[in-house]
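To keep things clear, I will list the structure first and then write my remarks on it.
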Amino acid sequence: MELSLGTLPRGRRDTRPGRLSPWVALALVVAIGVNVRAIFGVTPPLIPVISEDLGMNATTASLLTSLSVLAMAAGAPLGHALASRVGADRAMISLFAVLGLAELSRLVIGTAVPLVVTAGLIGVFLGAISTLAPAFISHHLPRLRGLGTGVYSTSMALGVALAAGTAQPITDRAGWRFTLSLWGVGALLLVAALVVLSLRGLGIPRTTGPRERLALPLREGRAWFVTVVYSVPMFLGFGVIAWLPTLFVDHGIDPTTAAVYLVCFQLVQFLSILTLAPLTDRIRGRRGVFATAMVASTVGTLMLTWEPHDWALPGALLAGFGIGGASTLALVKVQDEATSPQDATRLSSMCMLFSFTAGGAAPFLMGALKDATGSLVPGFGVCAAVSVLSLPLLIRMRPAGQPRWGDTPK
């Protein structure tokens, strides 16, 4: 069974634009990472006030996060398709432009339906942009790809933390509509910077020649293994981040403190990203680093389920450390299993499709359980159960193989 991903150019480059200096490229990588994840930080702290203002139940409110994530899965092929037609530079500029406009439109929204629709549109654009970011890093940072990828991952976590930490103070002064739409300004400022660089010839060169069709490796066991490994932290991450502030508020923690705990949940991910992932460059074994992340997320989600008030902060810290680490390690595992750059594209595309679907299902499922039971505890119990059931994956967690596609053993 094969599922087409569209086409990838196969041929020579028709131009050879200059590259950005490493510092400028890294600054843009930070800006891209912050913009593609900020929406997932700014929305959760505002769900109580938005729900009260627009009269939404928990299931409908969950769509503000879950629909965006599901739409990211649907929008992922759009990035490759658009880049193959107009080039990666124009594709990224166009996508950030419509993303900014979609976010700005929330300033005038007065009912639940258009707000949910914009959540879906924003998700499509984010999914498409996510597929273009690796090409940006590879072109402008050819000798610093590992650093660029680490900075990109860290910037995404930073975007969530920054948006979550500023959401409540800005809302107290200007309202939730202004808070949601504010990030559209950031996207349009990034568009302006990318346009200037493109006009100066500092962009990713387009390719010419015949195009090679790629298909998802749906019949390969290794592909399903890495997909499950990647889907678990996505399910946990998007589910927890969507409802963590509401869980705390429901159990007597004031909204400002709940938002601070959400920021802590994100900030601790920096620690796991910057400690566990670099270890994989030195240690071929994978069970130890994965076990550290997976056990931490399991204990953290169990604490949030069992005692969401008294164990709020330690539970959030452990869950954040584990989920952040597992997400980054899953990307490393994709590289472990890939046999070529093209194979890495196939594997990562399959992982993205199914993991974003899992990530989008989590907030919706937890919201539906809240409506059915009157509490978020059962939803967090599902997260804890998923984390526990993922532990047997460690049995098949093989060490990294010999260096692939061009690298030489050291």
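The values are calculated or read from the model by the stated rules, or taken from the named source; none is laboratory data. None of these values were measured; they are calculated from a predicted model. Please note: Cβ atoms are built from the backbone with ideal geometry, for glycine as well, and neighbour counts cover all protein chains shown.
Filtering region 38-58 to residues that are farther than 30 Å from S349 by Cβ, part of a helix (DSSP H, G or I) and not acidic (D, E) leaves P45, L46, I47, P48, V49, I50, S51, L54, A58. Among the residues of region 248-259, just one is within 17 Å of T166 (Cα to Cα), at pLDDT 90 or above and β-branched (V, I, T), namely T257. Comparison of V98, V49, V86 shows that the only residue that is under 30 Å from T373 (Cα atoms) and either touching a residue at least 40 places away in the same chain (Cβ under 8 Å) or surrounded by fewer than 18 Cβ atoms within 10 Å (Cβ to Cβ) (or both) is V49. Considering the conditions (1) within 21 Å of the chain's Cα centre (by Cα); (2) at pLDDT 85 or above; (3) of a type in the set (A, V, I, L, M), A192 is excluded by exactly one of them, (1). Being at pLDDT 80 or above, of a type outside the set (V, I, T) and part of a loop (DSSP other than H, G, I, E, B) holds for only one residue in L218, L158, and it is L218.
Candidates are the residues of region 280-303 that are over 22 Å from the mean Cα position of the chain (by Cα) and aliphatic (A, V, I, L, M); the one that is farthest from W243 (Cα to Cα) is I283. Of the residues that sit in region 72-117 and are part of a loop (DSSP other than H, G, I, E, B) and β-branched (V, I, T), which one is nearest to S130 (Cα to Cα)? Among those that are part of a loop (DSSP other than H, G, I, E, B) and β-branched (V, I, T), it is I109. Flag not set for V268, criterion: β-branched (V, I, T) and surrounded by fewer than 24 Cβ atoms within 10 Å (Cβ to Cβ).
A quick yes/no check of all residues on (1) assigned to a helix (DSSP H, G or I); (2) at pLDDT below 85; (3) not assigned by TED's automatic domain parsing to the domain that holds P48:
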| position | (1), (2), (3) |
| --- | --- |
| L347 | yes, yes, yes |
| L353 | yes, yes, yes |
| G379 | yes, no, yes |
| G406 | no, yes, yes |
